[in-house]
Amino acid sequence: MQVIYADILFIINLYITYALLLFTCLLTRSTVKRSRLLLSSVISAVYSLIILVPSASDALIALSRIPALFFIILAAFRKQKPKQLLKLSVSFITVNLLFAGLMLLLWYFVSPSDMYYNSGIVYFNIGVTELLITTAVCY
């Protein structure tokens, strides 16, 4: 059984969501304040903790993604026209699907022992030092 630490899960998903939102901004050529992206990433990181709920089924997680997406997109890209919000939502979903596909590919072929993949939510059992180093390298 994989041990999952809520703080690491939160931080990793905060970083990943922030990167996915940045990529969405690049893809859609949108400008947004970094503080809005951070707020949106915090919402997403809190949402990622749903995998720690013992009674959370895959169906419940799947159904909860629609309102979660709504809050994440509105937090990052507030005051947009409905057509623009739809474009941003579709772009964000596309970026997430690409990332999820890459993580599934990694998990399937490499099977890292410190990686947990559940319902599209990724968890890496990584130390603080490794997290800071990889963050600096990615930045």
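The values are calculated or read from the model by the stated rules, or taken from the named source; none is laboratory data. Since this is a predicted model, take the numbers as computed values, not measurements. We place every Cβ from the backbone using ideal geometry, glycine too, and count neighbours over all the protein chains shown. Ligands, DNA and RNA are excluded from the accessible area calculation, which covers all protein heavy atoms including side chains. Shrake-Rupley method; radii C 1.70, N 1.55, O 1.52, S 1.80 Å.
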(request) Looking for whichever is at pLDDT 90 or above, part of a helix (DSSP H, G or I), closer than 22 Å to Ile4 by Cβ and among the hydroxyl-bearing types (Ser, Thr, Tyr) here; the options are Ser89, Ser44. Which one fits? (result) Ser44
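Residue-by-condition table, conditions (1) in contact (Cβ under 8 Å) with a residue 60 or more places away in the chain; (2) surrounded by fewer than 19 Cβ atoms within 10 Å (Cβ to Cβ); (3) in contact with a His (Cβ under 8 Å, 6 or more places away or on another chain):
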{"residue": "Ile16", "(1), (2), (3)": "yes, no, no"}
{"residue": "Leu22", "(1), (2), (3)": "no, yes, no"}
{"residue": "Leu27", "(1), (2), (3)": "yes, yes, no"}
{"residue": "Tyr47", "(1), (2), (3)": "no, no, no"}
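Hey, any hits in the stretch 69-79 for a residue that's open to solvent by 50 Å² or more (accessible area, probe 1.4 Å), under 27 Å from Asp7 (Cβ atoms) and in a loop (DSSP other than H, G, I, E, B)?
Among the residues of the stretch 69-79, not one is open to solvent by 50 Å² or more (accessible area, probe 1.4 Å), under 27 Å from Asp7 (Cβ atoms) and in a loop (DSSP other than H, G, I, E, B), which makes the answer no.
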(request) List every residue pair whose Cβ atoms sit under 6 Å apart, with the two residues 6 or more apart in sequence or on different chains, where the first one lies in the stretch 51-77 and is under 22 Å from Leu14 (Cβ atoms) and the second, anywhere, is open to solvent by less than 20 Å² (accessible area, probe 1.4 Å) and not in a helix (DSSP H, G or I). (result) Ile51/Ile121
(request) Note down all Cβ pairs under 8 Å where the first residue falls in the stretch 79-108 and is within 16 Å of Thr31 (Cα to Cα), the second is open to solvent by less than 50 Å² (accessible area, probe 1.4 Å) and among the aromatic types (Phe, Trp, Tyr), and they're at least six residues apart or on different chains. (result) Gln84/Phe77; Leu85/Phe77; Leu88/Phe77
